[in-house]
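Peer 1: Pasting a structure below so you can have a look.
The values are calculated or read from the model by the stated rules, or taken from the named source; none is laboratory data. Every value quoted in this text rests on a predicted model; they were computed, and no experiment measured them. Positions of Cβ are generated from backbone atoms using ideal geometry, with glycine treated the same way; all protein chains shown enter the neighbour counts.
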Amino acid sequence: MKLKNISAALVAVFLTASYSTLSLGATIFSDNFESYANTAAMQAVWGAAGLGTLDTAFGNPGQSMRHPGGTDNIVTVPVQQASASTPLVYTADIYDDGTSANKRLTAGLRFSGVANLIEMGMYNSPNHYAVRAVLPGPSWVAFAGMTDDAGNPINNAPVVGWHRYQVTLDGSNATFTIDLGSTGIINGTAVLAAAWNPAGVDQIRLGGPSNLSSAGGGGNFDNVSLVSIPEPASFMLMGVAFVGLGLMRNRS
Ligand SMILES: [Ca+2]
Ligand SMILES: [Ca+2]
């Protein structure tokens, strides 16, 4: 193989490797609760102050964290930023037993000081499936205009099941979705204007929002993840950079 061809092949390998890695985004944290033998092992990651316990018999699937509401379990991560070119995507599954609209149980993402503050899950005022993005931005907002998986309008009322919440933070908006039953079909969307505070975020929290109790009972958490996802424009730039590198190699 000629040197030129070898260089071209190297560029192709670089492009393929970088694209396949980055297109999935950089995972900052993820947990499906399958690696823990017991609550103590889970607390080694999530802290012992929170009221969550490992549920070895129930998950989406497998195991999950059972939480009654109240004091959060917290994972501290290096400070993360969100921007239009590199949004942050935070995902969590929360099980609703469907028994009460008086629950306060959320997956939170915030800065340990007072700055960016995201919550998504169940709240009692307004109830039921609700979100907030205090970045600064709106406080509690209930999902409006929800539909079932067939597209028929439904009320924002308790539904039994594992519901998948996701928020994409792009520096100016917080775009939340709820997928009832985690079927892959979104049942509600809420876009909150939320200017990013440069302090970033460094805490992933499960439990009561700001440690609030839940009079209507608790629930379970599973499949929690925080991912930083470069936009396609960033891939293009990286591709151009690699091609440029390849051309330089060819000339040398
Ligand atoms: Ca699990
Ligand atoms: Ca759904």
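Peer 1: Ala130 versus (1) at positive phi; (2) surrounded by 19 or more Cβ atoms within 10 Å (Cβ to Cβ); (3) of a type in the set (Gly, Ala, Ser): which is the lone unmet condition?
Peer 2: Looking at each condition in turn, Ala130 falls short on (1).
Peer 1: So, Val191, is that one closer than 18 Å to Tyr90 by Cα, among the aliphatic types (A, V, I, L, M) and modelled with pLDDT of 95 or more or not? I'd like the intermediate steps shown before the answer.
Peer 2: On the way: closer than 18 Å to Tyr90 by Cα: yes; among the aliphatic types (A, V, I, L, M): yes; modelled with pLDDT of 95 or more: yes.
It is true that Val191 is closer than 18 Å to Tyr90 by Cα, among the aliphatic types (A, V, I, L, M) and modelled with pLDDT of 95 or more.
Peer 1: Would the range 123-140 turn up any residue that is within 17 Å of the chain's Cα centre (by Cα), more than 16 Å from ligand 1 (Cβ to nearest atom) and more than 30 Å from Met42 (Cα to Cα)? Quick ask: steps written out before the conclusion?
Peer 2: Taking the range 123-140 and keeping what is within 17 Å of the chain's Cα centre (by Cα), we get 129-135.
Remaining after also requiring more than 16 Å from ligand 1 (Cβ to nearest atom): 129-135.
Applying the additional criterion that residues be more than 30 Å from Met42 (Cα to Cα) yields none.
Looking for residues that are within 17 Å of the chain's Cα centre (by Cα), more than 16 Å from ligand 1 (Cβ to nearest atom) and more than 30 Å from Met42 (Cα to Cα), one finds none in the range 123-140, hence no.
Peer 1: Turning to a different aspect of this structure: Just one of Val167, Val131 is under 16 Å from Arg104 (Cα atoms) and part of a strand (DSSP E or B); which is it?
Peer 2: Going through Val167, Val131 in turn, the sole match is Val131.
Peer 1: For the range 178-202: of the residues being within 12 Å of ligand 2 (Cβ to nearest atom) and free of Cβ contacts under 8 Å to residues at least 24 places away in the same chain, which is surrounded by the fewest Cβ atoms within 10 Å (Cβ to Cβ)?
Peer 2: Only one residue tops the list, namely Gly184.
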